[in-house]
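> Structure in structure tokens, see below.
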Amino acid sequence: APDIPVIDQAYSKLSNSITVEWRAVPGATNYMLTAEDGDSFVETIVKNSPGTVTGLKPATLYRITVRSINSGGKSQPSPFRKVKTVLAAPILSVRSLSCDSIAVSWKAVHMAAGFSVSLMRSDGLGRMLKQNTTNTSLIFTNLDPGALYTIKAYAWNANGMPGDDFTYNQRTSPNAPVDVKVAFNSAALRAVVSWMPTEGALTYSVTVSSGLLKLRCNTSSASCTVPSLQCSSEYYLSVTAYNDAGSSEPTDAVSLKTIPCAPVNISIEEDEPGHLLVSWSSVSLGHYYVVFVKSDDGLEVHCNTSYTQCHFQSDCGFTYFISVFAYNKAGQSPLGDVFNYTTAPCCPSDFRAVFTSSDTVRVSWAPVRGADLYETRAAGGSAVVLCRDTATACTLSALQCSTPYNITVYSFSEARGSNTSCAPQHVATAPCSPEIKKISKEGLSIISVQWQPNNEEATYVVTARGEAGLWHCTSTRNSCTLMDLPCGSAFSVSAIARSPAGQSFPSYSIPLETAPCCPNDLTLTQVTQSVTNISWSVGRGAQTYVTTLESPTGQAKCHTLQTYCLLGCITCGTNYTVSLRAISETGLTSSCTYQGYSSSACCPSGVKLYRLSNNGIRVFWRASDETINYKADLHGSKGNFSCTPSKGLSHCDITKIPCGDVYTVVVAPVTDKGPKLTIFSSFCPKKIYSVTCSGSSVGMVIYRGKSNAKHI
């Protein structure tokens, strides 16, 4: 084993170790250092001197020995040395109380008689501060804000021997930022807060408070954007600087008033036609308001006011887009709801009402702005007639006749409804149709027409219409008379009522037939002594005729469809009254009276011829009436002869009549009318006589009737 080493010196510089120095031992490869405190020991193997034993207790007295070691073993321990470890370093607790102070504290150190604490800026600027104390805390003041300081502390024992030191770096808290500025973005409702950077500050925090609301913005730069601010709010902003030592005092609060909120509770109404009233609720922090009104034709007007309402002129049928903004020093409020207000459509103009019939009126008007639909309302009488259409015309039917109506055309829009301020137009319907109650004949060509008057202030016109033409009568009462209606005509009689409002429908037609016309020409022709032929012209409207010849002695009558009739049983020499009744198909009768008729005088009887001397013939007869003159006619091949007696005589003579001839003898009455002589002679019987020559020029007269011959 190697030799025992000899300790030159042993000392403690750290509280947990002792360093030993010795002279080297030849042949030794390692050395074992041993430290004993009576309770425990600590061994350490080292290569050479010096060597240090660690893991020791601070301020503890140790016995130190050294043993040399080689491959042969260990030497005996060297003579010991007593060495005490130095004091332990105080464990510092450091904090920055403010931006210019640092507080240092520690726990008591065993065997320490005092403490020494020094402080100096880590960057070497400034002077070092050092304080000795027997306390376990102290405070350094008047430091630089936000600066990093290095703090060293150690304890010493009663002999003044310093122990281990403890080093700690501590930064003071930063100073409050200065020159705080706020830039408000009204459009985005955010604020940009900026300030001058503060020494030693690592981060900053901007606090935005409004009532119970608090917003924070943290940043490491010298500005911060605070988003999502509320309109119509007042915020107080402060900035606090931070570092690892703590925070600065917050800056003095800066007031920020944001833009006002968009006005709400906006109401728009037409307090009267042509005037819009826009009102809204007051807005917090709003100093004044601007209302913009833009019409759908592009025209825009505005109103600037500090009140909460504005008046605008408006036109019918327009749509107005209305927005209200509030203003303050921060700017304009955000765009709120844009309201559109459509005014009531304009009242129709160029109103025209034309009656197409007595109960139907066609109403037309010019189109108006803003109208989607039109309603035409006719109020009158006991009912209201409505018509709705998108067209600018409407036909109102089934109106009550003879009634005043107030016709109003209302325009409608989907947005606003009806314009109720439209003025009515006053019209009156045409009179009601009259109802003919009675038609009566007051004369041959006079017809009275009566009707039920059902109108006020109306004039009634009655018309008789037929193939013969038109006949009218007019009255304001309930009847009128049609004059001079032609006979034998069929008419349709109707009535209308007229007033300034128009003309009614015609009444229902009543058929009217006038009595047939009396024939203009009537001719009586006596056919035989007892038969008379009556003929007449056509009587218009007559279907059958009844002719009558009437005398005190009797009556002859004939009913026929023809325009002639043969009447028998006529008494000769009698005066007759002539009448004719024309009868229509419906039984209407016209009684026609004509000039009296006298039948021919009665023919004489007992006509005889007697021979006279001087070749003469006497014609003799028995007269039927002594007041009538007669004439005798003889007609033969050798000549025609006649004679007329003096009035009252019943014979006449014809001289120088040739014999040897056959004569037809007729004795007929002669009237004052002369031309009737020949007519009447044809009624009287003809007798044939032969006048023979018997030895002379005049012979005997022989009557040759039928199968007989008379010889006179």
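> Of the numbered conditions (1) over 25 Å from Asp244 (Cα atoms); (2) open to solvent by 20 Å² or more (accessible area, probe 1.4 Å); (3) touching a residue at least 40 places away in the same chain (Cβ under 8 Å); (4) hydrophobic (A, V, I, L, M, F, W, C), Ala89 satisfies every one except a single condition; which is it?
(1) is the only condition that Ala89 fails.
> Kindly establish whether Ala423 is touching a residue at least 60 places away in the same chain (Cβ under 8 Å), open to solvent by 50 Å² or more (accessible area, probe 1.4 Å), outside the structural domain of Thr589 (by the TED database) and under 54 Å from the mean Cα position of the chain (by Cα).
Taking the combined requirement at face value, the residue satisfies it.
> To continue, here is another question. Take the residues of the stretch 186-204 that are open to solvent by 20 Å² or more (accessible area, probe 1.4 Å), of a type in the set (A, V, I, L, M) and under 60 Å from the mean Cα position of the chain (by Cα): which is modelled with the highest pLDDT?
Top of the filtered list is Val192.
> Among the residues of the stretch 263-277 satisfying the criterion of being within 16 Å of Asn340 (Cβ to Cβ) and in contact with a Phe, Trp or Tyr (Cβ under 7 Å, 6 or more places away or on another chain), which is surrounded by the most Cβ atoms within 10 Å (Cβ to Cβ)?
Applying the filter and picking the extreme gives Leu276.
> Do we have any residue at all in the stretch 625-633 that's open to solvent by less than 80 Å² (accessible area, probe 1.4 Å), of a type in the set (Val, Ile, Thr) and within 19 Å of Pro669 (Cβ to Cβ)?
Yes; the residues of the stretch 625-633 include at least one that is open to solvent by less than 80 Å² (accessible area, probe 1.4 Å), of a type in the set (Val, Ile, Thr) and within 19 Å of Pro669 (Cβ to Cβ).
> Among the numbered conditions (1) open to solvent by less than 30 Å² (accessible area, probe 1.4 Å); (2) modelled with pLDDT of 90 or more; (3) under 30 Å from Pro367 (Cα atoms); (4) of a type outside the set (Asp, Glu), tell me where Gly331 comes up short.
Failing condition for Gly331: (3).
> While we're here: What is the residue count in the stretch 289-317 for residues that are open to solvent by 20 Å² or more (accessible area, probe 1.4 Å) and either touching a Leu at 6+ places or on another chain (Cβ under 9 Å) or aliphatic (A, V, I, L, M) (or both)?
Qualifying residue count for the region: 5.
> Can you name the condition, by its number, that Thr474 falls short on among (1) closer than 30 Å to Lys686 by Cβ; (2) under 59 Å from the mean Cα position of the chain (by Cα); (3) not aromatic (Phe, Trp, Tyr)?
(1)
> Continuing with this model, one more query. Could you figure out which of (1) open to solvent by 20 Å² or more (accessible area, probe 1.4 Å); (2) free of Cβ contacts under 8 Å to residues at least 60 places away in the same chain; (3) in a strand (DSSP E or B) isn't true of Gly370?
(3)
> For Lys441, which of the numbered conditions (1) basic (Lys, Arg); (2) under 56 Å from the mean Cα position of the chain (by Cα); (3) modelled with pLDDT under 90 fails to hold?
Unmet condition: (2).
> Still on this structure, I have one more. Could you figure out which of (1) open to solvent by less than 60 Å² (accessible area, probe 1.4 Å); (2) modelled with pLDDT under 90 isn't true of Ser382?
Failed condition: (1).
> Which fully enclosed strands (runs of 3 or more DSSP E) of the stretch 508-616 have 2 or more residues being under 60 Å from the mean Cα position of the chain (by Cα)?
The strands (runs of 3 or more DSSP E) meeting that bar are 510-513.
> For the stretch 8-57, what are the residues that are among the aliphatic types (A, V, I, L, M), closer than 18 Å to Asn70 by Cβ and surrounded by 15 or more Cβ atoms within 10 Å (Cβ to Cβ)?
Correct list: Val25, Ala28, Met32, Leu33, Val46.
> State whether the residues of the stretch 59-78 include one that is assigned to a strand (DSSP E or B), open to solvent by 80 Å² or more (accessible area, probe 1.4 Å) and under 24 Å from Gly160 (Cα atoms).
Yes: the stretch 59-78 contains one or more residues that are assigned to a strand (DSSP E or B), open to solvent by 80 Å² or more (accessible area, probe 1.4 Å) and under 24 Å from Gly160 (Cα atoms).
So that you can scan it fast, the table gives a plain yes or no per residue for (1) surrounded by fewer than 18 Cβ atoms within 10 Å (Cβ to Cβ); (2) outside any strand (DSSP E or B):
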| site | (1), (2) |
| --- | --- |
| Val117 | no, no |
| Asn132 | yes, no |
| Ala155 | no, no |
| Ser173 | no, yes |
| Phe184 | no, no |
| Lys214 | yes, no |
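> Of the residues Ala501, Ala490, Ala468, which is under 60 Å from the mean Cα position of the chain (by Cα) and free of Cβ contacts under 8 Å to residues at least 24 places away in the same chain?
The conditions single out Ala468.
> If I go through the stretch 558-577 residue by residue, how many of them are at negative phi, surrounded by fewer than 19 Cβ atoms within 10 Å (Cβ to Cβ) and either in the same structural domain as Ala490 (by the TED database) or of a type outside the set (Phe, Trp, Tyr) (or both)?
12
> Could you tell me whether the stretch 166-174 includes any residue that is among the hydrophobic types (A, V, I, L, M, F, W, C) and in the same structural domain as Val109 (by the TED database)?
So far as the stretch 166-174 goes, yes, one or more of its residues are among the hydrophobic types (A, V, I, L, M, F, W, C) and in the same structural domain as Val109 (by the TED database).
> Let me ask something else about it. Inspect the stretch 99-110 for any residue being in a strand (DSSP E or B), of a type in the set (D, E, K, R) and either closer than 30 Å to Ala201 by Cα or assigned by the TED database to the domain that holds Lys152 (or both) and give the result as yes or no.
Among the residues of the stretch 99-110, not one is in a strand (DSSP E or B), of a type in the set (D, E, K, R) and either closer than 30 Å to Ala201 by Cα or assigned by the TED database to the domain that holds Lys152 (or both), which makes the answer no.
> While we're here: In the stretch 412-434, what residues are touching a Phe, Trp or Tyr at 6+ places or on another chain (Cβ under 6 Å) and assigned to a strand (DSSP E or B)?
Ser418, Gln425, Val427
> Residue by residue through the stretch 154-182, note down the ones that are touching a Ser or Thr at 6+ places or on another chain (Cβ under 7 Å) and of a type in the set (A, V, I, L, M).
Of everything in the stretch 154-182, those that are touching a Ser or Thr at 6+ places or on another chain (Cβ under 7 Å) and of a type in the set (A, V, I, L, M) turn out to be Ala176, Val180.
> Name the residue, out of Thr390, Thr360, that is within 30 Å of Ile510 (Cα to Cα) and surrounded by fewer than 19 Cβ atoms within 10 Å (Cβ to Cβ).
From the options Thr390, Thr360, the qualifying one is Thr360.
> Criterion first (in a strand (DSSP E or B), in the same structural domain as Ala366 (by the TED database), under 49 Å from the mean Cα position of the chain (by Cα) and among the β-branched types (Val, Ile, Thr)) does Val409 satisfy it?
So Val409 fits the description; yes.
The values are calculated or read from the model by the stated rules, or taken from the named source; none is laboratory data. Being a predicted model, the structure only gives us computed values, none of them experimental. Because the Cβ atoms are built from the backbone with ideal geometry, glycine has one as well, and the counts that use them run over all protein chains shown. Just so you know, the surface numbers come from the protein's heavy atoms only, side chains and all, with ligands and any DNA or RNA stripped out. Shrake-Rupley method; radii C 1.70, N 1.55, O 1.52, S 1.80 Å.
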